């Protein structure tokens, strides 16, 4: 049994006096798509921050490819092979799409490899290619999401962390984003995805964890969770018609 | 009887995005009306316009017969409208007691408008001299604050002099509600009061809100926890992308397919579903 | 008779120099969200490094500029290490205060190393002038223009085409996203500080050469001008900073042509106020609203004020009153009297900035208003001090609040800038309104303090009077804090939006806080005027405002006892130990830095 690519081990996280994670543990297997679900203030974005080194846990460990990374500054985590598609995209609005993509490759030194990857991105994301010289801030939400994903891929990461990739997108772009996530994963990139929209996430993930106020209350294969009635309770706080 | 709160044709645009589009909404006295919808649907924007933090581009808001959509938040508070905030905004370095006391600000004698310019001088004088009437008022308010805090059991009373930032997230949300109650509002706006609370805390909050409703409080509620919404509401409005897509009784809204689709997210991934299955299997 | 062309050239040249300063400030603000108050000090340092290189090493101009460039870049890196990096994640106001502390330290070090006297900068440039239209351009003008253009070009190339430059732009647009691209934001900040400081230093050298004059007091004005140019162009906007600077230079130049040199700075500050009030985002700043994050409230975080037992406070007060019976050493009594007067200032600021959260850098102006009001009432109208002093306090309250009122809509560090500017404007008005204030000559023959007809001419009497006023004001302020006003003011500090939604009219309470505070500061200024029997526009200079800030932070923001303790420690102690004046500012700077870093809640805790 191979070790998971990313492992979070019994972490406790605090924002000042407020505890955000209570003895949290989860695993992301190499080559898998794993989704972290939960409502507002459940701690899911905090989990992403922990993985990316934007926040440090008070106790516990985060291990990436066998190396302990909690306590590392963010730029070191990124250089170790983790890519990030932040919540609300956060593309650099005043830079062109090309400059944004190149920023994704900031940590890399191989200029030829970067140039090749840029070409690959333009093929994989045709909408992005169309707007390559436009200021990224002028693109629509869905197009910006494409740019953010392409940007993260430009770093040739082994693990991509995505924070609510479908939030605020029109149904058309939601479809596209999910297709792309599947395609990326197909090409070998492990995906760790935080999502508000349980239905969508469970369509595409292999495994999922459900967070509620800093604790994992449900976990397992997405196929099983999809039909588990407890997920509605845990996630939405009540039953609703379907 | 005229409704307590009415919104007609309310529209708010931010640059190219229409956050709220021609929203019509009515709250009758004594009702609990819920506003639900996915993230980004425009609910908090609507709240901001009602409480005066934002102004609509079109449309109007009428509260107790008065148009309020061009009034400042301070004036609207003085009319008896209290609100809580989506992520909780207590005064971090003030004690629990001071936080709740501040809710009663509009009711203070010292704050009553008397004469332009000299108002401030009067207020300062009253604060420094503290005639018996002022002392009595302060004592009465503090007693009232205790009463309000007792609604939350022992949790807040036991820490009444502690700075708010030292309390847990759930307690801080409770302080917010206590502060709103201290205003003795005619209309209470609650923005996701149970966000981030576990099921036990949520149930307690639900009971509290039901209690307030039973005492005749008029409440406009934004919530994501649908069971709570169904149990508490007289009527529900559903927003999606700034547009009202449904309104009616809990039963009616619960069975409306458009609502389910919008609120819970796509239950099917559109046209791509089949090809996705192929890729991921 | 100089021509329009001459004034235009002059304006553009000065504008160029300001641009070198303002661009640096814009870069720093862009990546670090910080108004670097130490920038002017680096500018001064650059001038002195250049002077030293020319005078001692006889380096040719290009080499001198290189030395200044590198030297100041290094200083910039140090400033980032001390003033910004350790304060990451702390309240946003902390780095601002830290840079103020650093500016104290740097300025005093320069003064100690080089003496406060102005120096001339030897200038090797050829002496020719080019005539154009009705005016002329000299070699110096061309040099400055050249440096400006080359710097702008190089900066553009750096930002657009280099990897680090892209990292700088990315960090400025979205710091957290840049982090997630693998950008080492700390390294970016260092680089930006280095570049900004290098440009600032060169600017100082050029100014020194242009005016043939450098002195350690240059820095404050330089920072202010840089900030003004920033605000005009749009804070954080690099091209905007250039345009703003040129505009500022032109306005100043034409202004001088119309009204004379003493009005030079007045234009800058009036322009600043106009922009802050009506175009706060500057010419190029876009439509984004100014951040509404509370600035002070978060600074005061986790701390419990030290609760001293009542009896101990009363005992200390009695001891203070009894002191003149135990000893009549005049030096001790005079020192403590000065401490009491400083305590009034500290009390005023701790209410305004600590309790109400309005960071004000203009307290000295309030003292000046009080001082002049009392002096003029006494000298021109013959009013006895027992009337003129309280009247002066009320004047400071009314006038001070009126002046600062338009700035209430501003948030965060914009209030600091606005109050700083208003303070400077007051000082300049005092200087120029000679018919009222006697201008630079000052008012002489201010009668000594007297009570019921008897002059208070003994050290004891004056000591007791000042102590009594401090105790009275302290008691009043404590009473205010424990009333509904106390919690209302603190609510304004903590969260303006939530406060508004509960009926708190912000303008009213900010005005109340300022008025009450200004009263105390005005009293302090008035009494000082009578004690010195003379005052002019320099008696209450801007350094007092910054001293007030240090006292308040030392004692604990909003803490009444803390304010008094801070005054005793920072004004009393150095005098008691006969520490020379030059070292005092240095000490204040170090104390401020240490406090921000290690104990922002001060000695007695913030309230």
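Nothing in this text is a laboratory measurement; each read-out follows from the coordinates by a stated rule. Every value quoted in this text rests on a predicted model; they were computed, and no experiment measured them. All Cβ positions, glycine included, derive from the backbone under ideal geometry; neighbour counts span all protein chains shown.
In percent, how large is the relative contact order of chain C, given Cα pairs closer than 8 Å and 6 or more residues apart?
21
As a rough footprinting exposure proxy, the listed residues B:61, C:352 were ranked by other beta carbons within 10 Å of their own, and the order from fewest upward is B:61, C:352. The residue B:128 and residue B:64 beta-carbon pair, evaluated with R₀ = 30 Å, returns a calculated FRET efficiency of approximately 0.25.
Residues A:15, C:532, arranged from fewest to most other Cβ atoms within 10 angstrom of their Cβ, appear as A:15, C:532.
Looking at chain B as a GNM with Cα springs under 10 Å, which of B:240, B:98, B:119 has the largest mean-square fluctuation? Among B:240, B:98, B:119, the largest GNM mean-square fluctuation belongs to B:119.
With a ≥ b ≥ c the root eigenvalues of the C-alpha gyration tensor of the protein assembly as shown, is it rounded (a/c under 1.5), prolate (a/b larger than b/c) or oblate? List each step's numbers first, then the result.
Working: a/c = 2.02, a/b = 1.29, b/c = 1.56.
Note, shape of the protein assembly as shown comes out oblate.
Calculate, for residue C:581 and residue C:212, the FRET efficiency according to 1/(1 + (r/R0)^6) with r their C-beta to C-beta distance and R0 22 Å; round to the nearest 0.05. Can you show the working numbers first?
Numbers: r = 28 Å, r/R0 = 1.26.
It comes to 0.20.
Taking every DSSP bridge with both residues inside the protein assembly as shown, close to 60 percent are antiparallel. The Cα-based radius of gyration and maximum Cα-Cα distance (Dmax) for the range C:307-598 are 18.4, 56 Å.
Within chain B, antiparallel bridges make up roughly 55 percent of the DSSP beta bridges whose residues both belong there. Rounded to the nearest 5, the antiparallel percentage of DSSP beta bridges internal to chain A is 55%. The modelled label-to-label distance for the pair residue C:4/residue A:61, using points 7 Å beyond Cα in the direction of Cβ, is 7.8 nm.
Legend: calculated FRET efficiency, residue C:145 to residue C:63, from the Cβ-Cβ distance at R0 = 25 Å, rounded to 0.05, equals 0.75. Please report the relative contact order for the range C:307-598, taking Cα pairs under 8 Å with a sequence separation of at least 6, and give it as a percent rounded to a whole number. Once divided by the residue count of the range C:307-598, the mean separation gives 37 percent. Note on the range C:98-139 and the range A:58-109: Cα centroid distance 45 Å, given to the nearest whole angstrom. Rounded to the nearest 500, the helix-only mean residue ellipticity at 222 nm of the protein assembly as shown stands at -17500 deg cm²/dmol, with each DSSP H run of n ≥ 4 adding -39,500 (n - 2.57). The three principal axes of the C-alpha atoms in chain A carry coordinate ranges of 46, 42, 38 Å, sorted with the longest axis first. In the elastic network of chain B, a GNM with C-alpha springs shorter than 10 Å, the most mobile of B:152, B:91, B:14 is B:14.
Pull out a ≥ b ≥ c, the square roots of the eigenvalues of the alpha-carbon gyration tensor of the range B:95-168, then state rounded if a/c is under 1.5, prolate if not and a/b is larger than b/c, and oblate in the remaining case. Prolate is the answer for the range B:95-168, as a/c is 1.5 or above and a/b outweighs b/c. Relative to the longest principal Cα axis of chain C, at what angle does helix C:139-161 sit, 0 to 90 degrees, rounded to 10? For C:139-161 against chain C, the angle is about 90 degrees.
Please say if the range C:143-215 is rounded, prolate or oblate, where rounded means a/c under 1.5 for a ≥ b ≥ c the square roots of the C-alpha gyration tensor eigenvalues, and otherwise the choice is prolate for a/b larger than b/c and oblate otherwise? Verdict is prolate for the range C:143-215.
Which order results if C:211, C:583 are arranged by neighbouring Cβ count within 10 Å, fewest first? Walk me through the numbers on the way to the answer.
Numbers: C:211 15, C:583 12.
Listing C:211, C:583 from fewest to most nearby Cβ atoms yields C:583, C:211.
Helix C:581-598 and the longest principal axis of the Cα set of chain C meet at an angle near 90°. Compute a Gaussian network model of chain B, connecting alpha carbons closer than 10 Å, and tell me which residue from B:258, B:77, B:178 fluctuates the most. Judging by the Gaussian network model, the answer is B:258. Using only Cα atoms and rounding to the nearest 10 degrees, what angle (0 to 90) does helix C:4-32 make with the longest principal axis of chain C? Computed tilt is about 70 degrees. The mean number of partner chain beta-carbon atoms within 10 angstrom of a residue's beta-carbon across peptide B:90-102 is 6.
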